[in-house]
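The values are calculated or read from the model by the stated rules, or taken from the named source; none is laboratory data. Just so it is clear, the model here is predicted, and its values are computed rather than measured. Please note: Cβ atoms are built from the backbone with ideal geometry, for glycine as well, and neighbour counts cover all protein chains shown.
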Amino acid sequence: MDEILNVQKRKNGDIERIHALIDNYQFTTESLARCLALTEDSVEQVIAGNLSHLSEWECTQMMCKVGFIFESLRDYDLSLSAFLGVLVHEHKMKTETIARFAECGTEAVEQVLNGEMQFVTESEKYRLAIVVMRFRYLLKDRENGI
């Protein structure tokens, strides 16, 4: 019984977060539907508080994606480190390759990977973020299950 109440509280919390995305961050229903991999009609129903049309799997996926969106608002450095990690560990890109494209030293790349952001300049972070974003876009079709 307690587990059912906890699940319902999490679902209600995610509905509130979806409202916050729309009200505070100006998400449109269309863009939110794309982010959550739902139809616009489905998102409208969720906004209205109705989750009964979603399977348990769809509901879980939606909650994870909403959490991911909000987590990215909290820690930009962590997001950069995580996405850089995908390039290095999953796509087997060398830190030297990324450093050359970002026009920074490999030490900066490795510091970002290790979460040692205090040693990386804002300019290096910016250039790394651009390079990471471009390569993740190019390699997105190769990311099954990530």
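A few notes on this one:
- The number of residues in segment 89-111 being within 14 Å of Phe135 (Cβ to Cβ), out of contact with any Lys or Arg (no Cβ under 7 Å at 6 or more places or on another chain), surrounded by 15 or more Cβ atoms within 10 Å (Cβ to Cβ) and not hydroxyl-bearing (Ser, Thr, Tyr) comes to 5.
- Scanning segment 38-53 for residues that are of a type in the set (A, V, I, L, M, F, W, C) and at pLDDT 90 or above yields Leu38, Val43, Val46, Ile47, Ala48.
- Residue within segment 129-142 that is in a loop (DSSP other than H, G, I, E, B) and on the phi < 0 side of the Ramachandran plot present: no
- For the criterion of being outside the structural domain of Ile130 (by TED's automatic domain parsing), within 30 Å of Glu116 (Cβ to Cβ) and in contact with a helix residue (DSSP H, G or I) (Cβ under 8 Å, 6 or more places away or on another chain), Ile69 passes.
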